[in-house]
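Written below as C-alpha cells is the structure these notes are about.
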Amino acid sequence: MKIAIFGKKYNTTERVIIQRLLNRLVMLNCDISIEQLLYEQMKQDTALQMPHVGVVAQNDFCADMALSIGGDGTFLHTAAHVGDKGIPVL
C-alpha cells in the first residue's frame with residue numbers, strides 16, 4: 001500500500017508518535033512518501049529513525065491513502081494536495 005504523509009512541523013513531544021507511525025507502516029510493508037517540508041524536518045531530527053521514504057513534491061504523487069498529521073488546517077492542506085485524485089484522507 002502506498003501512503004502519503006502530510007503534516008506541519010512537529011515538536012519533540014510528538015516525535016514518539018511519529019516514530020511509532022513510521023515503524024508500524026514499515027512493519028506493514030507500506031511504500032511511504034512524506035510531504036517535502038515535513039520530510040526535511042524529519043531528516044534533520046537526529047533522534048528520529050527514518051526509514052527509506054519518498055518525497056511528495058507539489059501534487060506529483062500517487063498513493064492509496066493520505067495521512068494528515070495535525071489539525072483542521074493541516075487536513076484542509078492535505079485535501080488541497082489530494083485534489084481530484086480520489087485518495088482517501090485519514
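Overview of values
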quantity: Check on Gln58, open to solvent by 20 Å² or more (accessible area, probe 1.4 Å) and on the phi > 0 side of the Ramachandran plot; calculated: yes
quantity: Inter-residue pairs, beta-carbon under 9 Å, first touching a residue at least 12 places away in the same chain (Cβ under 8 Å) and over 17 Å from Leu25 (Cβ atoms) and in region 56-83, second among the aliphatic types (A, V, I, L, M) and surrounded by 18 or more Cβ atoms within 10 Å (Cβ to Cβ), 6+ apart; calculated: Asn59/Val82; His81/Ala4; His81/Val56; His81/Ala66; Val82/Ala4; Val82/Ala63; Val82/Ala66
quantity: Residues that are touching a residue at least 24 places away in the same chain (Cβ under 8 Å) and open to solvent by 80 Å² or more (accessible area, probe 1.4 Å), drawn from region 13-28; calculated: Leu28
quantity: Scan of region 30-51 for residues that are exposed (fewer than 14 other Cβ atoms within 10 Å of the Cβ) and either at pLDDT 95 or above or touching a strand residue (DSSP E or B) at 6+ places or on another chain (Cβ under 8 Å) (or both), ordered by number; calculated: Gln36, Pro51
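The values are calculated or read from the model by the stated rules, or taken from the named source; none is laboratory data. Source: prediction; values computed, not measured. Counting neighbours? That spans all protein chains shown, and the Cβs are built from the backbone with ideal geometry, glycine included. The protein model used for the area step is the full one, side chains on, heavy atoms only, and it has no ligands, DNA or RNA in it. Shrake-Rupley method; radii C 1.70, N 1.55, O 1.52, S 1.80 Å.
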